[in-house]
């Protein structure tokens, strides 16, 4: 028997395919909700990271949002043009730049973030609370093993 057929029938591949299909389905729905606010996913993630903070440095944002500094600069530029974010030199380290939500950005954060949670909740509430905890535990095990 060909190795590729054996590999395709490996039981772990069913888990991988199911996990991938679930992720893609949820991301498609999530992206649809986010785009209804005329935001891209990276813009939403920056707004979500900055919400209820006094601002974050670009380094902190790249770690939280997991995008490159070059991509982050473009995202911040666009959010600044939209009047949602301001940037300023860090008071503690002049070499660093801090991004902060404007009042308009904070208002949008409250609306889009809480709406996004409510939107996704209907898909994730098909699981009982103990099932969600178990799924989280199992997914974290996979995450740790894949680092």
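The values are calculated or read from the model by the stated rules, or taken from the named source; none is laboratory data. For clarity, every value in this text was computed on a predicted model and none was experimentally measured. Because the Cβ atoms are built from the backbone with ideal geometry, glycine has one as well, and the counts that use them run over all protein chains shown.
Numbers for the structure displayed
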| read-out | value |
| --- | --- |
| Hits in region 17-40 - residues which are within 12 Å of residue 79 (Cα to Cα) and either free of Cβ contacts under 8 Å to residues at least 24 places away in the same chain or loosely packed, with under 13 Cβ neighbours inside 10 Å (or both) | 38 |
| Failed item, numbered, when residue 110 is tested on (1) in a helix (DSSP H, G or I); (2) modelled with pLDDT of 95 or more; (3) farther than 19 Å from residue 36 by Cβ | (3) |
| Any hit, region 8-23, residues being closer than 16 Å to residue 105 by Cβ, under 20 Å from the mean Cα position of the chain (by Cα) and in a helix (DSSP H, G or I) | no |
| Within region 41-63, considering residues that are farther than 17 Å from residue 112 by Cβ and surrounded by fewer than 16 Cβ atoms within 10 Å (Cβ to Cβ), the one nearest to the chain's Cα centre (by Cα) | 63 |
| Region 92-107: number of residues that are out of contact with any strand residue (DSSP E or B) (no Cβ under 8 Å at 6 or more places or on another chain) and part of a helix (DSSP H, G or I) | 4 |
| Test: residue 108 is under 26 Å from residue 26 (Cβ atoms) and exposed (fewer than 12 other Cβ atoms within 10 Å of the Cβ) | no |
| Counted residues, region 119-131 - those being part of a helix (DSSP H, G or I), surrounded by 10 or more Cβ atoms within 10 Å (Cβ to Cβ) and at pLDDT 95 or above | 1 |
| Some residue of region 69-82 being loosely packed, with under 14 Cβ neighbours inside 10 Å, without any contact (Cβ under 8 Å) to a residue 12 or more places away in the chain, touching a helix residue (DSSP H, G or I) at 6+ places or on another chain (Cβ under 7 Å) and over 22 Å from residue 115 (Cα atoms) | yes |
| Failed item, numbered, when residue 83 is tested on (1) assigned to a loop (DSSP other than H, G, I, E, B); (2) farther than 30 Å from residue 13 by Cβ; (3) more than 18 Å from the chain's Cα centre (by Cα); (4) at pLDDT below 95 | (4) |
| Of residues in region 86-99 being touching a residue at least 40 places away in the same chain (Cβ under 8 Å) and more than 11 Å from residue 46 (Cβ to Cβ), the one nearest to the chain's Cα centre (by Cα) | 98 |
